[in-house]
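Student: Take this structure, written in C-alpha coordinates, and hold onto it; I'll ask about it next.
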Amino acid sequence: MLALGVGAGFLLFVGALFVVPFLIPDQTRLNAMAPIAPAPGLERGGHAFAGTVGSWDVRGQITIDAGRQARIAIDVTQAGGVPVPATLPLQLALDMPEHAMQVLRPTAAQAEAGSYLAQSRLPMAGLWRLHVELPEGTGLFDFNVPQ
(Lines give C-alpha, C1' and ligand atoms only; values in the text may rest on other atoms or scores of the structure.)
Protein backbone atom coordinates (compact mmCIF):
# COMPACT_ATOMS: atom_id res chain seq x y z
CA MET A 1 0.00 0.00 0.00
CA LEU A 2 2.83 2.37 0.87
CA ALA A 3 4.57 1.70 -2.45
CA LEU A 4 1.30 2.23 -4.32
CA GLY A 5 0.73 5.56 -2.53
CA VAL A 6 4.27 6.79 -3.21
CA GLY A 7 4.06 5.69 -6.85
CA ALA A 8 0.71 7.44 -7.37
CA GLY A 9 2.04 10.61 -5.70
CA PHE A 10 5.11 10.54 -7.94
CA LEU A 11 2.97 10.13 -11.08
CA LEU A 12 0.76 13.06 -10.04
CA PHE A 13 3.86 15.19 -9.48
CA VAL A 14 5.31 14.32 -12.91
CA GLY A 15 1.92 14.96 -14.54
CA ALA A 16 1.68 18.38 -12.87
CA LEU A 17 5.15 19.31 -14.14
CA PHE A 18 4.04 18.38 -17.64
CA VAL A 19 0.76 20.35 -17.50
CA VAL A 20 1.92 23.58 -15.80
CA PRO A 21 3.67 25.09 -18.87
CA PHE A 22 0.43 24.77 -20.82
CA LEU A 23 -1.55 26.58 -18.11
CA ILE A 24 0.72 29.63 -17.98
CA PRO A 25 -0.14 31.87 -20.93
CA ASP A 26 2.87 33.08 -22.88
CA GLN A 27 0.75 35.32 -25.11
CA THR A 28 -1.40 38.13 -23.75
CA ARG A 29 -3.55 40.72 -25.46
CA LEU A 30 -2.50 44.35 -25.42
CA ASN A 31 -5.52 46.63 -25.07
CA ALA A 32 -6.43 49.46 -27.41
CA MET A 33 -6.25 52.72 -25.45
CA ALA A 34 -7.23 55.38 -27.99
CA PRO A 35 -7.30 55.93 -31.72
CA ILE A 36 -4.82 58.42 -33.15
CA ALA A 37 -6.51 60.76 -35.62
CA PRO A 38 -5.15 61.15 -39.15
CA ALA A 39 -2.86 64.15 -39.61
CA PRO A 40 -0.09 65.21 -41.99
CA GLY A 41 2.46 62.39 -41.93
CA LEU A 42 -0.13 60.10 -40.28
CA GLU A 43 -2.64 60.03 -43.11
CA ARG A 44 -4.03 56.63 -42.05
CA GLY A 45 -4.04 57.50 -38.34
CA GLY A 46 -2.95 55.07 -35.70
CA HIS A 47 -3.62 53.33 -32.42
CA ALA A 48 -2.33 53.58 -28.86
CA PHE A 49 -2.14 50.38 -26.83
CA ALA A 50 -1.12 49.15 -23.37
CA GLY A 51 -0.99 45.98 -21.33
CA THR A 52 1.11 43.64 -19.23
CA VAL A 53 3.42 40.95 -20.60
CA GLY A 54 4.78 38.80 -17.80
CA SER A 55 6.08 41.27 -15.22
CA TRP A 56 6.53 44.11 -17.75
CA ASP A 57 4.14 47.01 -18.42
CA VAL A 58 3.99 47.75 -22.14
CA ARG A 59 2.66 51.03 -23.61
CA GLY A 60 2.95 52.07 -27.19
CA GLN A 61 1.52 53.47 -30.35
CA ILE A 62 1.55 52.59 -33.99
CA THR A 63 1.00 55.27 -36.63
CA ILE A 64 0.66 54.80 -40.38
CA ASP A 65 1.33 57.29 -43.18
CA ALA A 66 -0.16 57.49 -46.69
CA GLY A 67 2.32 54.93 -48.07
CA ARG A 68 1.46 52.44 -45.29
CA GLN A 69 4.77 53.04 -43.53
CA ALA A 70 4.12 52.01 -39.92
CA ARG A 71 6.02 53.70 -37.10
CA ILE A 72 6.00 51.82 -33.81
CA ALA A 73 6.99 53.40 -30.48
CA ILE A 74 6.99 51.19 -27.37
CA ASP A 75 7.84 51.90 -23.73
CA VAL A 76 8.49 48.94 -21.43
CA THR A 77 8.69 49.41 -17.66
CA GLN A 78 8.81 47.25 -14.58
CA ALA A 79 6.09 47.50 -11.94
CA GLY A 80 6.16 50.98 -10.46
CA GLY A 81 7.30 52.66 -13.68
CA VAL A 82 10.98 51.72 -13.42
CA PRO A 83 12.52 51.49 -16.93
CA VAL A 84 13.82 48.12 -18.02
CA PRO A 85 17.53 47.35 -18.19
CA ALA A 86 19.25 48.30 -21.45
CA THR A 87 20.00 44.61 -22.03
CA LEU A 88 16.33 43.54 -22.21
CA PRO A 89 15.81 41.87 -25.59
CA LEU A 90 12.65 43.06 -27.36
CA GLN A 91 11.64 41.81 -30.78
CA LEU A 92 8.69 42.77 -32.95
CA ALA A 93 6.73 40.90 -35.57
CA LEU A 94 3.85 41.99 -37.81
CA ASP A 95 1.50 39.59 -39.57
CA MET A 96 -1.99 39.38 -40.98
CA PRO A 97 -3.99 36.72 -39.11
CA GLU A 98 -6.42 36.31 -42.01
CA HIS A 99 -3.76 35.97 -44.73
CA ALA A 100 -0.95 33.50 -45.28
CA MET A 101 1.92 35.88 -45.87
CA GLN A 102 5.46 36.29 -44.66
CA VAL A 103 5.86 37.70 -41.14
CA LEU A 104 7.50 41.13 -41.10
CA ARG A 105 10.24 41.55 -38.48
CA PRO A 106 11.06 45.25 -38.02
CA THR A 107 14.16 45.93 -35.94
CA ALA A 108 13.37 47.58 -32.62
CA ALA A 109 16.06 50.17 -31.92
CA GLN A 110 16.41 51.24 -28.30
CA ALA A 111 16.02 55.03 -28.10
CA GLU A 112 16.70 55.10 -24.34
CA ALA A 113 16.25 52.71 -21.41
CA GLY A 114 12.90 51.02 -21.95
CA SER A 115 11.95 52.96 -25.11
CA TYR A 116 12.02 51.28 -28.51
CA LEU A 117 11.33 52.56 -32.04
CA ALA A 118 10.74 50.58 -35.22
CA GLN A 119 9.43 51.09 -38.76
CA SER A 120 8.03 48.78 -41.38
CA ARG A 121 6.12 49.21 -44.61
CA LEU A 122 2.85 47.26 -44.54
CA PRO A 123 2.24 45.81 -48.03
CA MET A 124 -1.56 45.94 -47.83
CA ALA A 125 -4.53 47.35 -45.96
CA GLY A 126 -6.55 45.16 -43.61
CA LEU A 127 -6.32 43.55 -40.17
CA TRP A 128 -2.76 43.35 -38.83
CA ARG A 129 -1.32 41.91 -35.62
CA LEU A 130 1.68 43.31 -33.78
CA HIS A 131 3.69 40.83 -31.66
CA VAL A 132 5.79 42.42 -28.88
CA GLU A 133 8.15 39.60 -27.88
CA LEU A 134 9.78 39.77 -24.44
CA PRO A 135 11.63 37.04 -22.51
CA GLU A 136 8.55 36.28 -20.35
CA GLY A 137 6.03 36.17 -23.18
CA THR A 138 4.48 37.93 -26.13
CA GLY A 139 1.99 40.80 -26.21
CA LEU A 140 -0.45 40.80 -29.14
CA PHE A 141 -2.19 43.87 -30.53
CA ASP A 142 -4.63 43.73 -33.46
CA PHE A 143 -5.14 46.87 -35.52
CA ASN A 144 -6.76 47.80 -38.79
CA VAL A 145 -4.99 49.62 -41.63
CA PRO A 146 -7.59 51.52 -43.70
CA GLN A 147 -7.52 51.65 -47.51
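The values are calculated or read from the model by the stated rules, or taken from the named source; none is laboratory data. Source: prediction; values computed, not measured. In this analysis, Cβ positions are derived from the backbone assuming ideal geometry, glycine residues included, and neighbour counts consider all displayed protein chains. Quick note on the areas: whole protein, heavy atoms, side chains included, nothing else; ligands and nucleic acids left out. Shrake-Rupley method; radii C 1.70, N 1.55, O 1.52, S 1.80 Å.
Student: Out of all the residues in the range 29-57, which are closer than 24 Å to Gly67 by Cβ and either in a loop (DSSP other than H, G, I, E, B) or open to solvent by 60 Å² or more (accessible area, probe 1.4 Å) (or both)?
Tutor: Passing the criteria: Ala32, Pro35, Ala37, Pro38, Pro40, Gly41, Glu43, Arg44, Gly45.
Student: Then there is this: All but one of (1) more than 19 Å from Glu136 (Cα to Cα); (2) open to solvent by 30 Å² or more (accessible area, probe 1.4 Å); (3) under 13 Å from the mean Cα position of the chain (by Cα) hold for Arg121; state the number of the condition that does not hold.
Tutor: (3)
Student: Answer yes or no as to whether Asp75 is open to solvent by 60 Å² or more (accessible area, probe 1.4 Å), in a strand (DSSP E or B) and either polar (S, T, N, Q) or touching a Phe, Trp or Tyr at 6+ places or on another chain (Cβ under 9 Å) (or both). Talk me through it step by step, then tell me what you get.
Tutor: Details: open to solvent by 60 Å² or more (accessible area, probe 1.4 Å): yes; in a strand (DSSP E or B): yes; either polar (S, T, N, Q) or touching a Phe, Trp or Tyr at 6+ places or on another chain (Cβ under 9 Å) (or both): yes.
The answer is yes for Asp75.
Student: Scan the range 80-123 residue by residue and report those that are of a type in the set (A, V, I, L, M), assigned to a strand (DSSP E or B) and under 21 Å from Leu30 (Cα atoms).
Tutor: Result: Leu92, Ala93, Leu94, Leu104, Ala109, Leu117, Ala118.
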